[in-house]
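I have placed the structure first, in the form of structure tokens, so that the comments after it can refer back to it.
Any read-out appearing in this document is the output of simple, stated calculations on the displayed coordinates, not a laboratory observation. Note that the structure is predicted; figures quoted are calculated from it, not measured. We place every Cβ from the backbone using ideal geometry, glycine too, and count neighbours over all the protein chains shown.
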Amino acid sequence: MNGFVEMLFDSDVGAGSGGPLTALFILLLAFVVGQFIGWVYMWTHRGLSYSQTFVGSLVVIPVLVAMMMMLMSGSIAFAFGLLAVFAVVRFRNVLKDTRDTTFILWSIMQGLGVGTMRFSTSLIAALGVATVLAYLRMTSFGSRHRFDAVLSLQLSGNVGSLMSQLKRILYEHCARTLLANQRKTGADSTSVSYRVLLRDPERSHELQLALENCEGFGNISLFLREDESEV
Amino acid sequence: MTGGNRIPIPLKHKWRRFRYNAMPILCFIACVLLMLGLWRHQGQMSNGLAEVERKCVPVAAGADGKLVAVSTIAGGLARSNDHNYWALFDRVHEGQVIARLDDSLVRAAVVTLQEDVERLKVELPAAKEKIRVDALGREDNAARHRLNLTVQAEEAEIDVLDRKAQIEADEILLKRLIARLQYNEPLVRNKVIAAAEYQVIELERDEVQKRIDGNREALKEAEKIRDGAQRRLASYSDLADPPEVETLIGPIRAEIRTQMLRIDELNLQIRTLDIVAPFEGEICEIHCWPEQYVRRGDPIVTIAATGVPGEEPRYAIAYVPETQRIRPEIGMVVGLQSRYPGNPRVQARIAQVGPQIQEIPPHLCRDPARPEWGLPVRIPLPDDLRARPGELLDVRYSKWISSKSEPTEPLPGKDG
């Protein structure tokens, strides 16, 4: 068994000193740094054109580039070959998404690794990149999952007490709320809009029912929406 | 915010929120911890290369000439192949003749020398007769006697020269016979050739040896006679030689001196005909083959002192690259590991540090295509590290070795 494991993970041809642990360390460090970059991007992004897949690509690309540098080992010939292959692929395909580009790059890297007889490094890199992508999928990395519904209603009457009552109801049904919009529409009527994160989205009708049963609440609309992924 | 009972969050959504919120942070922390652990392991990785010292010396031809095939004896038995010359991995002993240069030139020079001596023998009586004819007109007996002594001294000198030339010629012949005997000895033992043939060569060798011994004795006698004649001549130093003696004998004397120098030259050439191994080892490289013409200084074979008992490699030479933040010092503990699988990591101490930064040999660079400069250090090999000369070893200069596991006693080494 040990021999089989050694065959899988320590059989690079012509590799220098290092071995599988070095490859793992390199990929891990690249992933940590990539995730840090992704978080910084998420935290500092302002504006409308936010893309979750782009943030995910920020995490994967350092890993792929680290793998590429490991495989090239400073060889100019490999670098030019890689450039040529990538140019050909890019020329033939219009890559709509950064994530697509990432996968194209990954495929090319794997071909480069196997072709240069760095079998173990290719295997480790394939498992590593797949794990990273699975992690991104599982954690929905890059999504700003703060709210999942928009509640709009009109308050008629004593706004103060109605707001207190509204907040009590929202506390029961929501994990998080944010007053997005408050607009006075009349002498004693106010239109408010909340972004809410429901505790149980499948029981959203109970929230609506609870609001409808209260005096002073009208034009209630609960709009379930996806996270801010693509704008 | 207080209020009524909050709706419980279903497990599915709790898990979802855990995945979206907490899991990235936990995974990040776990990856950072794992990365730090591997980073520490990376620090333990070898950051240098050392080469076990090797003794590898090319053996060069001492003179110009053609290489002659000689037998090589490996382990006391002649090799069974058709070739009777050196081959890779042949073991040689110190002083063993590996190759020979063809002695035809030297033999021809000896023959020429002998002819010149004969010519001098002929010229001297002619000069003597001429002098006698001139001296007939003189009444001075003492001058005539001195004249005779001079001629006797020169005759004795020529005789000495003749003996020496004969001895040189016989010594060359003796060497050839000894070589033939060495070549035929294993063939006789294996019954490839008849013992009678071998004995014939032995007899011839003995005869030549006897002749050499006889000539040496005769040489001593001739030298005694020469010395006696010169002593007697010296007693007539107050009398000036007749001018015609100096004029007639002078060229012969000069020719005798020239032939003596030629004998010395031939002696030197004969000594350089044999190419011997300077130490015990194995042939690891072959540069020239028999029947090939070589010049003085051309390497014939390269001998490596490998696997000789008592001469196992004791040191490894490593280079600390300038880019490394390590200043090697005498006594610094380093980690050594052979690249063969299963070899353990051992510790050793730096015994010597080079005086200056120098270029690292390419095969010791981390990237052979990029030249590096470093400080050489010499590391004695521990007893439990088996390494062959020229073998590469992974070296770790990490400070963590010396701080964590610095031995309190001197480490055992092959140099004690």
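Miscellaneous remarks
- Shown for B:Leu187, A:Leu151: other C-beta atoms within 10 Å of each C-beta, ranked fewest to most, produce the order B:Leu187, A:Leu151.
- For chain A, modelled as a GNM whose springs connect Cα atoms under 10 angstrom apart, the maximal fluctuation among A:Val114, A:Val159, A:Val60 occurs at A:Val159.
- Cα gyration tensor category, rounded, prolate or oblate, for chain A with a/c compared to 1.5: prolate
- Three-way shape label, segment B:92-233, alpha-carbon gyration tensor, a/c 1.5: prolate
- Averaged over peptide A:158-168, the number of partner chain Cβ atoms lying within 10 Å of each residue's Cβ comes to 1.
- Length-normalised contact order for segment B:104-272 - Cα pairs under 8 Å, 6+ apart - percent: 41
- Share of alpha-carbon pairs per 10 Å distance bin for the protein assembly as shown, given as whole %: 3, 10, 12, 12, 11, 10, 9, 8, 6, 5, 4, 3, 3, 2, 2, 1, 0, 0
- Dipole of the protein assembly as shown, positive direction: furthest Cα of B:Ala50, A:Leu24, B:Ala109, with charges on the beta-carbon: A:Leu24
- 3J(HN,Hα) couplings calculated from phi for segment B:282-290 with the Karplus curve 6.51 cos²θ - 1.76 cosθ + 1.60 (θ = phi - 60°) are, in sequence order, 10, 6, 10, 8, 10, 9, 9, 10, x Hz; Gly and Pro show x.
- Residues B:Tyr340, B:Tyr236 arranged by fewest to most Cβ contacts within 10 Å: B:Tyr340, B:Tyr236
- Mean Kyte hydropathy of -1.0 or more with a Cα span along the axis of at least 27 Å, helices from DSSP in chain A: A:20-44, A:52-72, A:119-139
- Computed from the C-beta positions of B:Trp289 and B:Arg6 and an R0 of 60 Å, the FRET efficiency is 0.05 to the nearest 0.05.
- Measuring nothing but how far apart in sequence close Cα pairs (under 8 Å, 6+ apart) lie, relative to its length, segment B:312-405 scores a relative contact order of 39 percent.
- Loop GluC sites (Glu not before Pro), segment B:323-386, which have at most 13 other Cβ atoms in a 10 Å radius of their Cβ (DSSP): B:Glu329
- Size descriptor, Kirkwood hydrodynamic radius, that averages inverse alpha-carbon separations across segment B:312-405, Å: 13.8
- Average Cα contact separation per residue, chain A, under 8 Å, 6 or more apart, as relative contact order %: 23
- Using just its DSSP H runs of length 4 or more, each adding -39500 (n - 2.57), the protein assembly as shown gives a mean residue ellipticity at 222 nm of -17000 deg cm²/dmol after division by all residues.
- Oblate is the label for segment A:163-231, because the ratio a/c of its alpha-carbon gyration tensor axes (a ≥ b ≥ c) is 1.5 or higher and a/b is not greater than b/c.
- Peptide B:19-29 is shielded by partner chain Cβ atoms: per residue, an average of 5 of them sit within 10 Å of its Cβ.
- Convex hull volume per residue in cubic angstrom - Cα atoms of segment A:2-139: 124
- Least to most buried among B:Asp90, B:Asp116 (fewest other Cβ within 10 Å first): B:Asp116, B:Asp90
- Rg/Rh ratio calculated on Cα atoms of segment A:97-187 (Kirkwood radius): 1.39
- Distance violations [Cα-Cα > 18 Å] among B:Lys164/B:Lys220; B:Lys164/B:Lys224; B:Lys175/B:Lys224; B:Lys175/B:Lys210; B:Lys164/B:Lys210: B:Lys175/B:Lys224
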